[in-house]
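What follows is a set of notes on a single structure, which appears directly below.
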Amino acid sequence: MNASFFKIVAGILFVLLSIGIGLYPLQYILANEPFGVLQDRALLNSAIWKWAFYQHVTFGGLAMLFGFTQFSKKIRDKYRSFHRLLGKMYVLSVLLSGIAGLYIAICTFGGLPAQLGFTGLAIGWLITTWLAYFAIKSGRVNAHERWMIRSYALTWAAVMLRLYFPLFEFGFGMNFQASYPIIAWLCWVPNLLVAEWIISRLNTNSSNS
């Protein structure tokens, strides 16, 4: 099996997971009964928290769906106006989801470690997305591409979050209360490290070309 095969498989998984988690919020919208964090009656009694939660997951899902298309060379080259439209929708979705996510992070259970972890994620998500938008508005295409990689790496925290929970529960035997503060950091910090590795490879390829 050569490198191109693994690249194709990785690309397919990237798209499938982006779409799958992008559609995940539909479970909360269509569910007949509360599940997951919505079973916490103390949170449900707060109208502000409930509104912020639905805003966060809905627009976070849309950010997942809009975001992965931004890395399609075919769309960028052949359908540039469509690429720009999806990019604007991505930025708007991140803005609405990130602001709501910041409020949820401050209120989240799991103590200060979890609150700091998710707050850092929300702030980082908003900043990297704004910098990506500002870069393209300034005509700095390379900088835009690199900030978008960082931004979508943080968007992918939603994917990693849903992969880590069952891993910690069934693989490591840790309950939700114990694993939650760890996953609050683990779902996004390694993503950023991977993003920086990808960016370093892009920079190396650019300098060699």
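The values are calculated or read from the model by the stated rules, or taken from the named source; none is laboratory data. None of the values given here were measured: they were computed from a predicted structure. Note that we place each Cβ from the backbone using ideal geometry, even for glycine, and neighbour counts take in every protein chain shown.
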Task: Considering residues of segment 85-110 that are of a type in the set (Ser, Thr, Tyr) and closer than 15 Å to Ile123 by Cβ only, the residue modelled with the lowest pLDDT - done: Thr108
- [ ] Would you confirm whether any residue within segment 132-150 is in contact with a Gly (Cβ under 7 Å, 6 or more places away or on another chain) and either in a helix (DSSP H, G or I) or not β-branched (Val, Ile, Thr) (or both)?
- [x] no
Open item on the list: Given the options Thr129, Thr119, Thr155, name the one that is surrounded by 17 or more Cβ atoms within 10 Å (Cβ to Cβ) and either touching a residue at least 40 places away in the same chain (Cβ under 8 Å) or in contact with a strand residue (DSSP E or B) (Cβ under 8 Å, 6 or more places away or on another chain) (or both).
Closed with: Thr155
Open item on the list: For the list (1) at pLDDT 90 or above; (2) of a type in the set (S, T, N, Q); (3) outside any helix (DSSP H, G or I), I need the number of the one condition that Asn32 fails.
Closed with: (1)
Open item on the list: Taking the criterion of being loosely packed, with under 15 Cβ neighbours inside 10 Å, among the hydroxyl-bearing types (Ser, Thr, Tyr) and within 29 Å of Ile12 (Cα to Cα), would at least one residue in segment 87-103 satisfy it?
Closed with: no
Task: Conditions (1) modelled with pLDDT under 95; (2) under 20 Å from Met160 (Cα atoms): number failed by Arg76 - done: (2)
Task: Selection count where residues are assigned to a helix (DSSP H, G or I), hydrophobic (A, V, I, L, M, F, W, C) and more than 17 Å from Leu62 (Cα to Cα), scope segment 93-121 - done: 10
Task: Lone unmet requirement of (1) surrounded by fewer than 14 Cβ atoms within 10 Å (Cβ to Cβ); (2) of a type outside the set (A, V, I, L, M, F, W, C); (3) at pLDDT 90 or above; (4) under 16 Å from Arg162 (Cα atoms) for Gln27 - done: (3)
- [ ] Take Leu193 and decide whether it is in contact (Cβ under 8 Å) with a residue 12 or more places away in the chain and either in a helix (DSSP H, G or I) or out of contact with any Leu (no Cβ under 9 Å at 6 or more places or on another chain) (or both).
- [x] no
Open item on the list: Pairs please, first residue from segment 44-65 and closer than 30 Å to Leu13 by Cβ and of a type in the set (Ser, Thr, Tyr), second anywhere and at pLDDT 90 or above and part of a helix (DSSP H, G or I), Cβ atoms under 8 Å, 6+ apart in sequence or on different chains.
Closed with: Thr58/Ser97
